[in-house]
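The values are calculated or read from the model by the stated rules, or taken from the named source; none is laboratory data. This one's a predicted model, so the numbers in the text were calculated from it and none came from an experiment. Glycine also receives a Cβ, built like all others from the backbone with ideal geometry; neighbour counts cover every protein chain displayed.
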Amino acid sequence: MSWQDAVGPATPDIAVMIVQALHLMVSCNACHRTVRMPPTEAADLLGGDCTLIQARDRLRCSWCGARGALIDVRPDTLDMDAKRRVDRAEREARLWPGPGSYAEQELAEAKAAWEARRPSDSLAGMCNAYRLKTPISVLMDDLSCLGLPLQFAGGATPNWPEIEMTRPTNSLPVFRPVDAHDPALGLQLANLRWWLVPFFHRGPVKDWKAMCTNARVETVATSRTFKGPFERRRCLVPADAYYEWAGETGTKTRWRFERADGDWFAFAGIWDLAETADGRVESFSIITTAAGPDSAPYHARQPAILAKPEMARWLDLAADVSNLIMPSAADTLAVVQV
């Protein structure tokens with residue numbers, strides 16, 4: 001089922017659906033057709049600030065033309081088969097109770113399968129904190145050796161404070177080409193907002209609620225939010241470590257991930273420019289991918305990490321970069337509890 005006539009900005013509800021991995025189930029009560037929309041597709045179509053009630057009024061059934069009160073919009077899980085198995089097992093356990101019975105065993109297995117597939121109950125972001133303590137002189141020398149000389153406005157090297165831990169919405173340093181089509185002409189240092197605000201957002205910055213600190217590699221080339229930056233505005237996000245939290249809420253453990261050789265690296269980044277109600281906003285996002293062997297025990301995903309020889313190719317808009325934004329190979333990351 002296709003839907004048309006989506007207008008206006010997106011909502012806190014849609015934004016929460018993205019981070020909780022909930023799909024949008026859209027049903028037409030006139031022709032009884034239903035479509036399940038992935039959360040990123042719903043955000044691209046409706047925007048990140050659209051409520052579910054607003055979504056009902058903005059969507060039109062492409063088969064019969066119904067809209068408004070005839071359209072039902074609700075969140076849905078990624079795996080309803082697993083949820084239906086739990087419901088069925090609970091009914092059977094009530095009909096045939098008894099410890100150790102087949103019904104009880106089936107219920108336990110069904111709940112375990114659902115637990116592994118159900119949406120997250122928390123806004124568990126990926127790579128929402130990292131560290132940068134490497135001196136600017138080291139970065140300058142290394143980039144120069146890579147054929148990517150770092151240029152500063154006025155020619156003076158800026159103050160470079162050590163950053164122990166970043167936070168989303170912080171203004172943080174990134175390196176982007178002076179000429180996007182020829183990175184060899186040099187890189188400029190820019191302090192951008194970490195939480196990408198896309199070019200099409202015209203309202204206040206606070207109204208863009210879709211969590212865009214990260215861009216998933218699976219959809220970065222097709223998402224309305226990230227497609228343009230991925231094709232035309234790539235950058236290097238320098239870091240020497242990043243952090244993840246693992247465990248149950250209230251007892252989470254913090255882990256620090258570094259290169260095994262101790263060297264600094266860059267996240268594969270994209271940036272965008274938005275003319276918002278608050279003025280011009282330049283912001284960036286870090287690309288994430290599936291977790292590699294070193295990080296998989298702690299999180300299902302990891303940031304796309306570029307070693308030095310890979311940085312120039314990431315910035316080359318004509319290059320095939322698909323093998324750069326992949327999970328890190330085994331034994332390339334060191335993990336420390338902090």
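In the stretch 257-274, the residues that are free of Cβ contacts under 8 Å to residues at least 60 places away in the same chain form Cβ pairs under 9 Å with partners that are aromatic (Phe, Trp, Tyr), at six or more places apart or across chains, as follows: Ala268/Trp314.
The strands (runs of 3 or more DSSP E) located wholly in the stretch 187-243 that include 2 or more residues which are surrounded by fewer than 20 Cβ atoms within 10 Å (Cβ to Cβ) occupy 187-194. Beta carbons closer than 9 Å, at least 6 apart along the sequence or on distinct chains, pair a first residue in the stretch 59-84 that is assigned by TED's automatic domain parsing to the domain that holds Leu24 and exposed (fewer than 15 other Cβ atoms within 10 Å of the Cβ) with a second that is at pLDDT 75 or above and in a loop (DSSP other than H, G, I, E, B) for Trp63/Ala30; Cys64/Ala30; Gly65/Ala30; Ala69/Asn29; Asp72/Asn29. For the stretch 133-144, a residue qualifies if it is without any contact (Cβ under 8 Å) to a residue 60 or more places away in the chain and closer than 17 Å to Pro309 by Cβ, and the qualifying residues are Asp141, Ser144.
Within the stretch 280-292, is even one residue farther than 19 Å from Ala129 by Cβ and out of contact with any strand residue (DSSP E or B) (no Cβ under 8 Å at 6 or more places or on another chain)? No - not one qualifying residue is present in the stretch 280-292. Tell me yes or no: at least one residue of the stretch 267-290 is under 20 Å from Val138 (Cβ atoms) and crowded, with 23+ Cβ neighbours inside 10 Å. Yes, the stretch 267-290 contains at least one residue that is under 20 Å from Val138 (Cβ atoms) and crowded, with 23+ Cβ neighbours inside 10 Å. Being more than 28 Å from Ala291 (Cα to Cα), in a loop (DSSP other than H, G, I, E, B), of a type in the set (Ser, Thr, Tyr) and in the same structural domain as Ile305 (by TED's automatic domain parsing) holds for only one residue in Thr169, Thr157, and it is Thr157. When restricted to residues that are modelled with pLDDT under 95, small (Gly, Ala, Ser) and not in a loop (DSSP other than H, G, I, E, B), the stretch 244-299 contains 2.
Among the residues of the stretch 177-186, write down those that are under 18 Å from Gly154 (Cα atoms), touching a residue at least 12 places away in the same chain (Cβ under 8 Å) and surrounded by fewer than 22 Cβ atoms within 10 Å (Cβ to Cβ). Across the stretch 177-186, the qualifying residues are Val178, Gly186. The set of residues from the stretch 312-338 being among the acidic types (Asp, Glu) and exposed (fewer than 11 other Cβ atoms within 10 Å of the Cβ) comprises Asp320, Asp331.
Arg131 meets each of the listed conditions (1) crowded, with 16+ Cβ neighbours inside 10 Å; (2) in a helix (DSSP H, G or I); (3) modelled with pLDDT of 85 or more apart from (2).
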